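Report on the following structure.
The values are calculated or read from the model by the stated rules, or taken from the named source; none is laboratory data. On a predicted model such as this, the values are computed, not experimentally measured, just so you know. Cβ atoms come from the backbone with ideal geometry, glycine included; neighbour counts cover every protein chain shown.
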Amino acid sequence: MKMGFRWYGEGNDSVALNHIKQIPGVETIVWALHDLQAGAEWPMDQIQEVKRQADQYGFNIDVVESVNVHEDIKLGSPTRDQYIENYKRTIEKLAKVGVKVICYNFMPVFDWIRTDLYKAHEDGSTALFYETSKVDDIDPMELVNKIALNPDFTMPGWEPERLENITNLFEAYKNVTEDDLFNHLQYFLEAIIPVAEEHDIKMAIHPDDPPWSVFGLPRIVTNQENIRRILKLVDSPYNGVTLCSGALGSSRSNDVVAMVREFADRIPFAHVRNVKVYENGDFIETSHRTEDGSVDIVGIMKAYHEFGFKGYIRPDHGRHIWDEQCRPGYGLYDRALGIMYLLGAWDALNQ
C-alpha cells in the first residue's frame, strides 16, 4: 500500500508540500493541472514543473486526479473524437514523468454535490454536508451560486468556466439515459485503454458522489452491479476503479467491504473516508474513525490487507478543525489524522 495526499498546487492550496512532508508515511502527491479546462491537452512544461516541485521533497507524482473528461464525450457528441485525441496525448505525456494511475469521473454536469460546505458537528468542527430535501427542492443554479460564494479556492468539478453554460448542458442531457451514458463510456474506454496499456498507466473511474441521480441527470458509477458492468466494458487490468468509500458509502444499500473483495485486483487507487448517513438520506463527512460514521473503515482496510493491496490510497474529505482556513474538505489537519488512523489500522493488521 502506497499512501498519498491530494495537493492542488502552488498558489492554489492552503497546504504546502513541506507540511505534507511531515505526515508520516506519505510518499505520493495526488495532483492535477487544475487551471486547465476539461478536454484540453496538458502542456508538458506544466507537467514537468509539478514533478520538479514534488522532487524537492522526495515525493513521487504517480497518481493524477483528475484528467477531466469533456462533456461532449459523456454526451456522445460528434465533436468527442477531438477531445479523446487530446486525452490520448495527455496520457502519453504523463507516462514520461512516471505517472502510473489516472483517476477520472464520468458524472454529467456536476462533480460531487453538497448543500453545505461548513455544516457544524457537535464538537465544533465543520464538514461537507448533503441535505436531501434541499437537493430535491432547489434550483440547480441556486446550488451553483452557493458553491461560487467560496471565493478563496476553486472547487474541483465546480469551475466557473464549466458551469457558466449550465442551462445548455441540462438541455443537452435531457434525453440521455443511463444506457446511453454506459455506451458513451464504452466508446471512450475503447479509444483510450490501448494507449493506457501501451504506456503502463491504469485508468481508474471514480464513483458518482452521491451515488444516485441528482436533478434528473443520469449517473452510472453508483453500485456494485454497475461497477462490475463498467469493468467488463473493456476487460483489461488497465480499466479500473478508484474505489471511494465515502462516495459509495453515502448509500446504505452499498456494501463497500464486499466491493473491495470483489474488485481488489481492479482498484489501482483508493479513497478511504467516512460519512455519517441519517435515516432520511442526509449525510455528513466525519473523521475517518469507524465509530464516528456509517462506513466500516477498519473492515475496508482489513479487506485490502487480506488481498495484499499494493496500490495507491489516500484519505479523502476531512473535517475543518482547529480553525483551519482551507479549501472545503481539503485541509491539512483532519486528513493528516485520517492518514495516521489508516496506517495505524494497517500496522495492527500486519501484526
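Data overview
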read-out: Residue check for THR242: of a type in the set (Ser, Thr, Tyr) and under 23 Å from ARG89 (Cβ atoms); value: yes
read-out: Qualifying positions in segment 330-351 - modelled with pLDDT under 95 and buried (at least 21 other Cβ atoms within 10 Å of the Cβ); value: none
read-out: Pick from segment 246-290, criterion assigned to a loop (DSSP other than H, G, I, E, B) and touching a strand residue (DSSP E or B) at 6+ places or on another chain (Cβ under 7 Å), ranking: surrounded by the most Cβ atoms within 10 Å (Cβ to Cβ); value: HIS288
read-out: Single match in PRO24, PRO108 (criterion: touching a residue at least 40 places away in the same chain (Cβ under 8 Å) and touching a Lys or Arg at 6+ places or on another chain (Cβ under 7 Å)); value: PRO108
read-out: Sole residue being out of contact with any helix residue (DSSP H, G or I) (no Cβ under 6 Å at 6 or more places or on another chain), crowded, with 21+ Cβ neighbours inside 10 Å, closer than 27 Å to HIS19 by Cβ and of a type in the set (Asp, Glu), chosen from ASP62, ASP116, ASP55; value: ASP62
read-out: Residues (among the small types (Gly, Ala, Ser), crowded, with 18+ Cβ neighbours inside 10 Å and either under 19 Å from the mean Cα position of the chain (by Cα) or part of a loop (DSSP other than H, G, I, E, B) (or both)) located in segment 295-321; value: GLY311, GLY318
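Yes/no matrix, rows are residues, columns are (1) charged (D, E, K, R); (2) under 24 Å from VAL64 (Cβ atoms):
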{"site": "MET203", "(1), (2)": "no, yes"}
{"site": "ASP209", "(1), (2)": "yes, yes"}
{"site": "GLN224", "(1), (2)": "no, no"}
{"site": "LEU231", "(1), (2)": "no, yes"}
{"site": "SER236", "(1), (2)": "no, yes"}
{"site": "GLY240", "(1), (2)": "no, yes"}
{"site": "ALA247", "(1), (2)": "no, yes"}
